[in-house]
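*Asks:* Below is a structure I'd like to ask you about.
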Amino acid sequence: MRFSKAYIPTTKEAPKDAILPSHIYLSRAGFVTQVASGLYNFLPLGKRVMRKIETIIHEEMAACDALEVDLSFVTPAELWQESGRIEKFGKELLRFRDRKENLFVLGPTHEEMMVSIVRNRVTSYKQLPLNVYQVKTKFRDEARPRFGLMRAREFVMKDGYSFHSSTEDLDREFDAMEAAYKRILTRLGLQFRVVEADSGAIGGSGSKELMVLANSGEDTLAVCDSCEYGANIEAAQRSKRITIPEAPKAEFMKFKTPDIKSIEDLSAFFHVDSYYTLKAVVMRAVFADSTQPVCFFIRGCDTLQEVKACNSVGAIDLVEMSVSELTDLGLVAGFMGPLDQDKIRIVMDNDTRNAKAMICGANELDYHFVGVDLSVMGDVSYADLVAVSEGDGCPRCSGKLEYTKGIEVGHIFKLGTTYSAPLKAEYLDENGRSTPFIMGTYGMGVSRLVAAVIEQHHDEKGCIWTHATAPYMVNVMVSNIKEETHLEFATTLYTTLNENKIETILDDRKDRFGFKMSDAELIGFPFTVIVGKEMENDQVQIMVRKSGEMITVATHDVVQKLKELIG
RNA sequence: CGGGGCGUAGCUCAGUAUGGUUAGAGUACUUGCUUUGGGAGCAAGGGGCCGGAGGUUCGAGUCCUCUCGCCCCGACCA
């Protein structure tokens, strides 16, 4: 491609609402344009990058014998009613009626459709396993689209679904998909981490997220500094504490603690480490058709992890409650404790089980209990409720956990029979029994990956594409096209490189050197060959985008040198 | 869905408190000349329903009401 014939509208200024590097540079360099909130057009360069990512995905899926399909984007709402997800998805699901007044939805993910295409067609265990996938536009009417391609409403996702006759076979496929996803991200040139994730409302026995590491990531990850362990903060575990502060000595008694409501005040008042205090967090748990206030108790030094708390009571959601609501329930904010407590459902953190020498609220204004032995708690429910902190011990080794930010680009799930059972997608097993498929699902955000590459690979001048994602590997730039010998050499070089299967673009625009250099840097081609002044010495320069290095090379060596650099 | 902000040239934004020539700048675009290794210079041009509708007024980009859109914080997010 020649620049003079291409459509690459670069700009000096970013759209006013672009915050993230990927949004700024993908817009400025002419890869995408915004159409409306959360909707983007892919221009020629953006489309090329996306196709490269898709191609790698297809290759790796083929290596796993996964089968590509293409399901209709508009899907009948009945399937969603059958699975019960039409309510669960809520307003994110864009729905509309056709001319005959039939209800349809735009697919936000395709479990239902995919189940429906194998249902009643795959009828025997002999036809299993099966792994089918597609790369497809999805639509989710996000409450708040943001960050450019990172959280768009319309986006491209690879979604795959596998069907098995045993959990062992699902486990095998799950591991194979994890390995394939790792290969894809490695080939794309991304630094990433596979982390344990919250299985949440969807259930199943396991779920892992593939996270591209970048400061702008929306997810907080806890990763071990010495082993492979990593987990989303929503699911992260920690080892038992090794160093435990010295326990205060006190007999059990009620103590007057005037206006001491916070953990900090309480800890200071008694000169006791907050480890020995009990923090109460009251939230209203929201269920499908009811709500219930719940009090979560954790150690004062810990922080409640809301997703874990939500899962512990099987709720859809937790919402905060006001002090007046607590008062109406007969609770004393600031002085709540688990002892003699029958006004509210309680859940206690695992780490408080049988805890001794604790200080907790006495459920009476201005009074706390000290010297509490929590082993007196009867059949109260315990769960992991706590967010791991930086410095906590790794649950797998002796290392320490630290926080990092990640962009979720893949999520793989062991679904089991979550969809096949309600949708009655069944096969006959060896004993002739009708059994629902055991399923896995494997998603990867393709358009989000375009942004993720830039989040991880950019500088103040613009994009720095990795070799696998670059729209063109080499940019041959003629610094002054009026120099006929320069233009002639550059054109020949451009042709030769393309003949050598090196994707090359020729910058033959009638613009000045500085302008074209800035464009090359903004767009982020891995290599730019500058055909200009050095031609006097039969030389050209190769600018390496990533390092900024300028390599001077003889004109007859340039093809060979580029091949070496590309590797 | 709660709270806040913004809609004026392709893009980034002045102008709106206090209504009053023909609505501006930078950038981008067109033409010509010069320039040609870091987003060039000079000259001449084209480009606007001031988001939309209604109202107040002799007169509205500016004031009032209603709408639509976009963004930010939060809630939400396979």
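*Asks:* Okay, which of segment A:256-296 sit inside 17 Å, backbone N to the point 7 Å along the Cα-Cβ direction of A:Lys88?
*Replies:* A:286-290
*Asks:* Identify the residues of segment A:436-460 with backbone N under 19 Å of a label point that sits 7 angstrom from the Cα of A:Val544 along the Cα-to-Cβ direction, or state none.
*Replies:* A:457-460
*Asks:* In segment A:428-447, which residues have a backbone nitrogen under 18 Å from the label point lying 7 Å from A:Arg183's Cα in the Cα-to-Cβ direction?
*Replies:* In segment A:428-447, the label zone of A:Arg183 (backbone N under 18 Å from the point 7 Å along Cα→Cβ) covers A:442-444.
*Asks:* If you don't mind, another one. Can you give me the distance in nm between label points at A:Val380 and A:Thr555, each placed 7 Å from the Cα along the Cα-to-Cβ direction?
*Replies:* 8.4
*Asks:* Another one. Given the DSSP H assignment, sum -39500 (n - 2.57) over each helix run of at least 4 residues in chain A and divide by its residue total; what's the result at 222 nm in deg cm²/dmol, nearest 500?
*Replies:* Numbers: 13 runs with 138 residues, N = 567.
-7500 deg cm²/dmol, from helical runs alone.
*Asks:* For the pair A:Glu101 and A:Met253, how long in nm is the line joining their label points, each one 7 Å along Cα→Cβ?
*Replies:* A separation of 7.7 nm, rounded to one decimal place.
*Asks:* How charged is the neighbourhood of A:Phe269? Take every other residue with its Cβ under 11 Å from the Cβ of A:Phe269, and add Lys/Arg as +1 and Asp/Glu as -1. Present the calculation step by step, with values, prior to reporting the outcome.
*Replies:* Details: positive: A:Lys256, A:Lys261; negative: A:Asp259, A:Glu264, A:Asp265.
Result for the local shell: -1.
*Asks:* Taking the Cβ of A:Glu521 as the center, what net charge do the other residues with Cβ under 15 Å away carry, scoring Lys and Arg +1 and Asp and Glu -1?
*Replies:* Working: positive: A:Lys12, A:Arg28, A:Lys461, A:Arg512, A:Lys516, A:Arg545, A:Lys546; negative: A:Asp459, A:Glu460, A:Asp507, A:Asp511, A:Asp519, A:Glu549.
Overall, the nearby charge balance is +1.
*Asks:* Of all DSSP beta bridges located in segment A:474-566, what percent are antiparallel, nearest 5?
*Replies:* 50
*Asks:* Related question: Between A:Arg353 and A:Asn215, what length in nm is gained on full extension when 0.36 nm per residue of separation is reduced by their alpha carbon distance?
*Replies:* 46.0 nm
*Asks:* Mind pulling the angle between the C-alpha long axis of helix A:167-188 and the longest principal axis of chain A? Nearest 10 degrees, somewhere in 0 to 90.
*Replies:* Tilt relative to chain A: about 50 degrees.
*Asks:* Around A:Cys301, under 12 Å between beta carbons, what's the net of Lys plus Arg minus Asp minus Glu among the other residues?
*Replies:* Overall, the nearby charge balance is -3.
*Asks:* Right, next: Share of antiparallel DSSP beta bridges in segment A:253-386, in percent to the nearest 5?
*Replies:* 75
*Asks:* Next up: Compute the angle between helix A:446-456 and the longest alpha-carbon principal axis of chain A, please, reported from 0 to 90 degrees and rounded to the nearest 10.
*Replies:* Helix A:446-456 and the main axis of chain A meet at about 90 degrees.
*Asks:* Assuming R0 = 30 Å, can you tell me the calculated FRET efficiency for the pair A:Ile244 and A:Glu168, based on Cβ-Cβ distance, to the nearest 0.05? Each step should come with its number before you reach the end.
*Replies:* Numbers: r = 41 Å, r/R0 = 1.37.
Efficiency, from the Cβ-Cβ distance: 0.15.
*Asks:* Determine the percent antiparallel among the DSSP beta bridges restricted to segment A:1-146, to the nearest 5.
*Replies:* Antiparallel bridges make up about 85 percent of those DSSP assigns within segment A:1-146.
*Asks:* State whether segment A:474-566 is rounded, prolate or oblate according to the following rule on the C-alpha gyration tensor (a ≥ b ≥ c being the square roots of its eigenvalues): a/c under 1.5 gives rounded; otherwise a/b larger than b/c gives prolate, and the remaining case gives oblate.
*Replies:* Working: a/c = 1.29, a/b = 1.06, b/c = 1.22.
It comes out rounded by the Cα gyration axes.
*Asks:* Okay, next question. Work out from phi, with θ = phi - 60° and the Karplus expression 6.51 cos²θ - 1.76 cosθ + 1.60, the ³J(HN,Hα) of each residue of segment A:81-97, listed in order in whole Hz, and give x for Gly and Pro.
*Replies:* 3J(HN,Hα) across segment A:81-97, in whole Hz: 6, 4, 7, x, 7, 4, 7, 4, 6, x, 6, 5, 8, 7, 10, 7, 10.
*Asks:* Looking at segment A:238-282, which GluC sites (Glu not before Pro) are in a loop (DSSP not H, G, I, E or B) and have at most 12 other Cβ atoms within 10 Å? Spell out each step's value before the answer.
*Replies:* Details: sites: A:Glu246, A:Glu251, A:Glu264; in loops: A:Glu246, A:Glu251.
Here the sparse-neighbourhood loop sites are A:Glu246, A:Glu251.
*Asks:* Exceeding 19 Å between C-alpha atoms, which entries from my cross-link table qualify? They are A:Lys5/A:Lys47; A:Lys136/A:Lys414; A:Lys88/A:Lys405.
*Replies:* Over 19 Å apart, Cα to Cα: A:Lys136/A:Lys414; A:Lys88/A:Lys405.
*Asks:* Let me ask something else. Can you order the peptides A:48-54, A:473-479, A:73-79, A:538-544 by their average number of other Cβ atoms within 10 Å per residue, highest first?
*Replies:* A:473-479, A:48-54, A:538-544, A:73-79
*Asks:* In addition: Mind giving me the FRET efficiency for A:His271 and A:Ser398? R0 is 22 Å, r the Cβ-Cβ distance, nearest 0.05 is fine.
*Replies:* Using R0 = 22 Å, I get an efficiency of 0.10.
*Asks:* Then there's this: Mind listing which GluC sites (Glu not before Pro) in segment A:430-463 are in a DSSP loop and have 13 or fewer other Cβ atoms within 10 Å? Spell out each step's value before the answer.
*Replies:* Values: sites: A:Glu430, A:Glu455, A:Glu460; in loops: A:Glu430, A:Glu460.
Answer by residue number: A:Glu430, A:Glu460.
*Asks:* Could you give the angle, 0 to 90 degrees to the nearest 10, between helix A:44-63's Cα long axis and the longest principal axis of the Cα atoms of chain A?
*Replies:* Once rounded, the angle reads 70 degrees.
FYI, it's all coordinate maths here, none of it is from the lab. A quick note: this is a predicted structure, and the numbers were derived from the prediction, not measured. Don't worry about glycine lacking a Cβ; one is built from the backbone with ideal geometry, like all the others, and counts go over all protein chains shown.
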